[in-house]
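Structure first, then comments.
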C-alpha cells in the first residue's frame, strides 16, 4: 500500500485554503476576525450576480451617424456666426445630407469671401456638385467623420461614468464592448427607471431666442394636451419662416395634474450651449419649488452677458433635448455668469437635471439594445429558493448514499462536503460572480460528485465478489474505475468549456461552477476518499468492508 | 450489501427494434423542432428572438383572462401571459414585433398601474432585448453546440475506436433531440437557459455511455468465443446497477431544483431531468446496439491489440 502521509497533508492544505478563501464571502464571521488577520487574508469573496442581488444590466449603442450629424450642425451654427460677424450676407447655410453643407447666397461675387471663411474649417472639403453660381456645397472629410465616430463612443463612456458616479451606485461597471457598444451594470439599484433615464438622456442644453414677431402670424394654439404635438407641427409646416422651428414647453396643470404642452416659435440659431457650464446645483425658490441654478465658465459668462445685453425685453428659451424648460423675458443684461433653469419639476427631477448638466451632454443619442432589470425582491427570493433546493438536494443524496453504501456511503458524503467546500473556496478565490444558473451548477455538481464514488464503490463490490481481500479490492476498485472516471469527466468538461467561451452573463456563471466542480470532483474522488480508505486499512485490520 | 438490482441477465440487444422505433420517433420530433427553430416559428425565448418580458408580483390574485383583456384594450394584444399560482406573480412576454425604443416594459407597467389601481404590484424583473443581440446569441449558441459536439466525438474516438465515438455522439444527439422534441411538443419556451441545459446534458449523457462502453471494450478484449450481441448484453448487465445509481443521484438533486428552485430554474432543471433519463436509456438502448451495425476493421468488433 502507498504511503498516506503526503496525500493527507495535501488534503488538509486544500481544506485550509478553501476555508481561508471562502471566509470573506461569509461576512458575519469575516468581520469578527482580528484586524491583523484580515490584513493578511484575501478580502474579496464571491460577488452575487445581478439576478441574485437585483440591479440593471444595459447594453447600449451610440448612434454614430447621428453624432456626425450633430457635429456638422454645430459647425453650421458657428459658420453662421462667422458670416454675421464678417457681415457677409449669405442667404442660408443648411445641412443637405448627413455630412453635407450647402450655402446659398444672392450675390455671386461673395463666393471668394465665403470660401475664405470656410477655409478656417479644414474639416470640410468643397465639392463640385454646386450646379449654380449662387451656391456652394461642402462635404465633411471622411477621416473627420471617422474621428467623430471614434471619439463619440469614448465621450459617451466618459459622460455616463460621470453621471453614474454622481448618482451614487455601490459597484458600477461601465465598459466598452466591441466597437460601438457600451455595457453598464448597476447592481442593487433601487430605482431602475430613474437610473436608466439618467444614463440615456442626451442632455444637450441650448439657449435659443423666441421669434416673437412671427409667432402671431402662425396663430399657434396656446396650450395643447400631451401627445398632440404632431398635429400642431403639421398645421404650421407650410407657414414656418426660414430658420425657425417649433418647440414645446412641458407643463403640468396644478389643479387637474394633467400634462400639457405650449408651442413656441423658436429661432434655430443656437445662442449658447451647455458646453460652457462649470457647475449646476439645485436650489429652492420662494414657493418651495426647486430649480437648477447654473454657473457658466469665464468665456460662457462673457458670452451670456453679451447675448442678454443685446436682447433686452426679448424672450429666450432654455432648451434641453429639444424641450423648452422655460422661456423667460430678459429683463436686463445678466452679469456674473449665472442663470436659472426653472420649470415644473419635482425635487428629484431637478436633482437629476443638475447631475446630467454637470456631467455634460452625450455626443449622440444612445440606443438601448439590451435591458435586464431585476428587482431586489426577486433576487432575494431566488437566493432563498436556490439555497433551499441545494439543501434538499444535498440531504437526499447524502441519505441515499448512506442507505445504499453504509459506511462507505458516509465516506462518499464526506467527499461531497469536501467538494462543496472546495468549490466555494475556489469561486471565492477567483472572485467569481454567482448567478442563479451558477447555483444550479453547484447543485448539479453535488449530484455528479457522488457519481465517481458510485463507480468506484461498484468496482470494489465486484472485486469483493471475486473473493479478494478488502485492501486489494479497494486498490483494484480505484485503479479500474480511474480511466472511466477521467473519461466521463472530460466529456462534461468539454461542454463546460464551450459554454464558458461562448456564453454570456449568467451562462458563464454556470459554466464556471460546472468546470470547477468537475475538476474538484476528480480530486476529492480519487484522492480524498482514497486517503480515508487507506487510513482505515492502516489503523485497523479491516476484514469486512461496509459497502 | 444493499443492491437495487441483483445479478441481471436481460436481453437488451434483443429489444433493440422496439428501442429504435421509440428513439426514431423522438429524433424525428427533435428534427421537426430544429427545423421550426431555424424557420423562426418555434417558441423561441425572447433572449433569442428579441422582445420584452416583465414579471409583476401583485398583492392580490389577478385573473389571467382579465389581465389579457386589459392588455388587449391597450394595444398589447400579442402579449403572452403566464402566472405563477400561489404567489400572485404574472409574467408578461412580448416578442420582438415592437422596437425597444418604445420602452414596451414601461407601457406594460403603466397599463397595469392604471387598470388595476386597487391591486398594488412590484416589478420583479423586466428584460428587453433588441433583435441584434438575439441574432448574436443564436450564433454563439450554435458555435458552442458545434464545438462541444466535435470535441466530444474527437475525445471519445481518441480514447476508444472511431466508431465508438460515432455511436456515442449519435446517442448524445438522440438525447438532445429527444428533449428538444419534448419541449417542442409541450410548446415550452426555448430560452438561453434551456439551450445551456441541453449542452450540459450532452456532456452528462456521455458519462453514462462511457461507463457502458468501457465495460464493452474490456469484455471484448477478454472473451472471444461469444457472439458480439452476447458480449454487449453481458457488459450492460454487469454495469446496469451503477448506470442506474449514478443517474439516480443526479435525478435526486434535480427533483428539488425543478420543484422548488423557482420559476427561473424550473425549465432549466426540467430539461436536465428529462435529459438524464433519456441519457441513461440511450446509453443502454441506443449507443450500445449502434455498435452492432458497424463491425470493426476486420469484421470483428475490436481490433486485436
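Okay, residues lined up against (1) within 27 Å of residue B:185 (Cα to Cα); (2) part of a helix (DSSP H, G or I):
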| position | (1), (2) |
| --- | --- |
| B:21 | yes, yes |
| B:31 | yes, yes |
| B:53 | yes, no |
| B:62 | no, no |
| B:108 | no, yes |
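One residue is enough: does the stretch A:215-225 have a residue meeting the conditions in contact with a helix residue (DSSP H, G or I) (Cβ under 6 Å, 6 or more places away or on another chain) and either buried (at least 17 other Cβ atoms within 10 Å of the Cβ) or without any contact (Cβ under 8 Å) to a residue 24 or more places away in the chain (or both)?
yes
Please verify whether residue A:467 is surrounded by fewer than 23 Cβ atoms within 10 Å (Cβ to Cβ), in the same structural domain as residue A:411 (by TED's automatic domain parsing) and not in a helix (DSSP H, G or I), treating the condition exactly as stated.
Against the criterion (surrounded by fewer than 23 Cβ atoms within 10 Å (Cβ to Cβ), in the same structural domain as residue A:411 (by TED's automatic domain parsing) and not in a helix (DSSP H, G or I)), residue A:467 qualifies.
Being in contact with a strand residue (DSSP E or B) (Cβ under 6 Å, 6 or more places away or on another chain) and part of a loop (DSSP other than H, G, I, E, B) is the filter; apply it to the stretch A:206-226 and report the residue that is nearest to residue A:318 (Cα to Cα).
Out of the qualifying residues, it is A:211.
Check off (1) within 25 Å of the chain's Cα centre (by Cα); (2) under 28 Å from residue B:28 (Cβ atoms); (3) more than 7 Å from chain A (Cβ to nearest Cβ) for residue B:152 and give me the number that stays unchecked.
Looking at each condition in turn, residue B:152 falls short on (3).
Is there a residue being free of Cβ contacts under 8 Å to residues at least 40 places away in the same chain, within 14 Å of chain A (Cβ to nearest Cβ) and either surrounded by fewer than 17 Cβ atoms within 10 Å (Cβ to Cβ) or over 26 Å from residue A:196 (Cβ atoms) (or both) anywhere in the stretch B:6-21?
Yes - at least one qualifying residue is present in the stretch B:6-21.
So which residues in the stretch B:84-114 are away from every other protein chain (no Cβ under 13 Å), modelled with pLDDT under 80 and in contact with a helix residue (DSSP H, G or I) (Cβ under 8 Å, 6 or more places away or on another chain), if there are any at all?
Those that are away from every other protein chain (no Cβ under 13 Å), modelled with pLDDT under 80 and in contact with a helix residue (DSSP H, G or I) (Cβ under 8 Å, 6 or more places away or on another chain): B:95, B:98.
Would the stretch A:427-444 turn up any residue that is farther than 25 Å from residue B:144 by Cβ, out of contact with any helix residue (DSSP H, G or I) (no Cβ under 6 Å at 6 or more places or on another chain), within 12 Å of chain B (Cβ to nearest Cβ) and assigned to a helix (DSSP H, G or I)?
No; the residues of the stretch A:427-444 include none that is farther than 25 Å from residue B:144 by Cβ, out of contact with any helix residue (DSSP H, G or I) (no Cβ under 6 Å at 6 or more places or on another chain), within 12 Å of chain B (Cβ to nearest Cβ) and assigned to a helix (DSSP H, G or I).
Going through the stretch A:491-521 one residue at a time, which ones are more than 13 Å from every other protein chain (Cβ to nearest Cβ) and in contact with a helix residue (DSSP H, G or I) (Cβ under 7 Å, 6 or more places away or on another chain)?
A:516, A:520
Going by what's in this entry, would residue B:203 be described as more than 22 Å from residue A:466 (Cα to Cα), in contact (Cβ under 8 Å) with a residue 12 or more places away in the chain, facing chain A (nearest Cβ under 8 Å) and buried (at least 24 other Cβ atoms within 10 Å of the Cβ)?
Taking the combined requirement at face value, the residue satisfies it.
Here's a check for you: in the stretch B:116-137, which residue that is surrounded by fewer than 19 Cβ atoms within 10 Å (Cβ to Cβ) and within 23 Å of the chain's Cα centre (by Cα) is nearest to the other protein chains (Cβ to nearest Cβ)?
Selected residue: B:136.
Give the number of residues within the stretch A:405-455 that are free of Cβ contacts under 8 Å to residues at least 24 places away in the same chain and closer than 21 Å to residue A:20 by Cβ.
So the answer is 1.
Is it the case that residue B:180 is crowded, with 24+ Cβ neighbours inside 10 Å and assigned by TED's automatic domain parsing to the domain that holds residue B:35?
For residue B:180, the condition - crowded, with 24+ Cβ neighbours inside 10 Å and assigned by TED's automatic domain parsing to the domain that holds residue B:35 - is met.
If the requirement is being over 19 Å from residue A:452 (Cβ atoms) and either assigned to a helix (DSSP H, G or I) or assigned by TED's automatic domain parsing to the domain that holds residue A:465 (or both), which of these qualifies: A:511, A:525, A:481? Before you say what the answer is, go through the steps one by one.
Working: A:525 fails: over 19 Å from residue A:452 (Cβ atoms); A:481 fails: over 19 Å from residue A:452 (Cβ atoms).
Only one candidate passes the filter, namely A:511.
Out of everything in the stretch A:369-385 that is within 7 Å of another protein chain (Cβ to nearest Cβ) and at pLDDT 85 or above, what residue ends up being farthest from residue A:161 (Cα to Cα)?
Of everything passing the filter in the stretch A:369-385, A:385 is farthest from residue A:161 (Cα to Cα).
When residues of the stretch B:52-96 are filtered for being surrounded by fewer than 18 Cβ atoms within 10 Å (Cβ to Cβ) and closer than 19 Å to residue A:376 by Cβ, how many remain?
5
Restricting the search to the stretch A:489-508, which residues are in a helix (DSSP H, G or I) and under 16 Å from residue B:194 (Cα atoms)?
Residues satisfying the conditions are A:495, A:496, A:498, A:499, A:500, A:502, A:505, A:506, A:507, A:508.
The values are calculated or read from the model by the stated rules, or taken from the named source; none is laboratory data. The shown structure was predicted, so the numbers you read here are calculated from the model rather than taken from an experiment. In this analysis, Cβ positions are derived from the backbone assuming ideal geometry, glycine residues included, and neighbour counts consider all displayed protein chains.
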